[in-house]
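Worksheet: the structure to be examined is printed underneath.
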Amino acid sequence: MRKLAKAIFLMFIVSFGKIAPYYAQLLEVESSSVIVPNPGIPIYPGFPDGHITYFALHDSTLVHVWAGYESYISSGSSWMHQDSIWGMVLSKGGAGSYDNGGAWLYAVFPLDSMHWLGFYHAEDHEFPGHDNPEKIAWKSAAQCESFDGGKTWVKNGQIITTWQDKPKTPTWGGTGDFTVVRDSAHQRWLAFYVCPNGIGVAQSYDPLGKPGTWFKYNNGSFSSNGIQGKGDALPFSKGKYAGGNPSLIYYAPLRVWFLVYHDWKDQGIYYTSSFDLATWSAATLLVKNPGAPQRVWYPSLLSEKSDSYCSENLYLAYAQWDNVNLPYRNYRIARLKVHGLTFPELNATAMLTASSIMLTDCLVREPIRWNWTLGCRKEFIIWC
């Protein structure tokens, strides 16, 4: 019987070349959210304000980056207990600079104990000849480095800018509100950024993601220059699902990437998933906005020790306003429940020993095992 099932499956592979990837992941909020207390960060009343970086420096030390117009770092035993305040580590540039309105340290990657790599959201609030009391911003993405373990940073310049001309009068625009992930199997950095029609993506093969090495995805390839080149939005984020401030995490139990973001129409926080960081499922509402004057924005996906990799419990951090007309918001975290059913993409010439989804993260080294009776992976259904 098993031989017959295998023969039929192989005939199907040979006839059609490969099975297109099919996946059905479901995220839902499992528990009531809790408010993360202020450990003494001056920008806390306006936090979160974009992607949250959170990682284990040592087994018992968790580093929390507080991104704002001034960015701070703290450390402690969990996000609820950040006992050591490192202080402000990144601030806005001088008059006339691309980051004269602030530097939001959205993504941090320790390369070793002292050398850390950072990517920050930059805002230009200057529109010569016009006052800008509302701090309307023209946005971009920039790269920075620390050589003393995150205490001080050196700004190296912009990596992603818009192809549109900056207006003379204060206007919201540019290409910021982003996050960066490391695609280890392809040895590249990927930045998911906000463009005029949704969320776009850019890549860099430079080990440090330096300025001048980034290319935006446009017209089917990463061929458009990161600086002033045109970029296209990913399909899931277009039209009524357009939004910003994405956050990604690799969820190891399902070998899948999850991405969350908030929309611009105040419907709430959406999520999508992908095996290869290229093809994404349709956007699905995860947290519905309670309605005016309340709002939920700025989501981040976290595990208990990382903002980029999750092997067990998955959490959603987000900003919640009691009154959106006021600048103060609540920093909330809720545990997510993950349901998943996956069929990986197969290549007939690979002798059915590995799946192309294995290319998404170098931390996953196990070969995929097959249950020929079912014709699918042993982890046919995974409930977490």
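Residues of the range 320-337 that are touching a helix residue (DSSP H, G or I) at 6+ places or on another chain (Cβ under 9 Å), modelled with pLDDT of 95 or more and not charged (D, E, K, R): 331 alone.
Of the numbered criteria (1) loosely packed, with under 15 Cβ neighbours inside 10 Å; (2) at pLDDT 95 or above, the one residue 41 fails is (1).
How about the range 53-126: which strands (runs of 3 or more DSSP E) wholly inside it have at least 2 residues that are among the polar types (S, T, N, Q)? Give the steps one after another, and end with the answer.
Details: elements: 53-58, 61-66, 71-76, 84-90, 102-110, 116-124.
In the range 53-126, 71-76 are the strands (runs of 3 or more DSSP E) which contain 2 or more residues that are among the polar types (S, T, N, Q).
In the set 292, 319, 278, 282, only one residue is of a type in the set (Gly, Ala, Ser), buried (at least 21 other Cβ atoms within 10 Å of the Cβ) and assigned by TED's automatic domain parsing to the domain that holds residue 177; that residue is 319.
Listed here are the residues, each with its yes/no results for (1) closer than 18 Å to residue 308 by Cβ; (2) surrounded by 13 or more Cβ atoms within 10 Å (Cβ to Cβ); (3) in contact (Cβ under 8 Å) with a residue 24 or more places away in the chain.
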site	(1), (2), (3)
108	yes, yes, yes
125	no, yes, yes
130	no, no, yes
134	no, no, yes
140	no, yes, yes
154	no, no, no
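When 298, 271 are checked against the criterion of being assigned by TED's automatic domain parsing to the domain that holds residue 162, at positive phi and under 16 Å from the mean Cα position of the chain (by Cα), a single residue qualifies: 298.
For the range 282-306, the set of residues classified as aliphatic (A, V, I, L, M) and either part of a loop (DSSP other than H, G, I, E, B) or more than 20 Å from residue 320 (Cβ to Cβ) (or both) consists of 282, 283, 292, listed by residue number. In the range 158-183, the residues that are over 28 Å from residue 53 (Cα atoms) and at pLDDT 95 or above reach residues that are of a type in the set (Phe, Trp, Tyr) and buried (at least 19 other Cβ atoms within 10 Å of the Cβ) with C-beta atoms within less than 6 angstrom, at least six apart or across chains, in these pairs: 166/138. Among the residues of the range 7-20, not a single one is more than 20 Å from residue 331 (Cβ to Cβ), surrounded by 12 or more Cβ atoms within 10 Å (Cβ to Cβ), modelled with pLDDT under 95 and in contact with a Ser or Thr (Cβ under 8 Å, 6 or more places away or on another chain).
Rundown of residues vs (1) assigned by TED's automatic domain parsing to the domain that holds residue 119; (2) over 27 Å from residue 338 (Cα atoms), yes/no style:
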position: 29; (1), (2): no, no
position: 34; (1), (2): no, no
position: 69; (1), (2): yes, yes
position: 74; (1), (2): yes, yes
position: 77; (1), (2): yes, no
position: 81; (1), (2): yes, no
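The values are calculated or read from the model by the stated rules, or taken from the named source; none is laboratory data. Bear in mind the structure is a predicted one, so any value in this text is a computation, not a measurement. Using ideal geometry, Cβ is built from the backbone for each residue, glycine included, and neighbour counts are taken over all protein chains shown.
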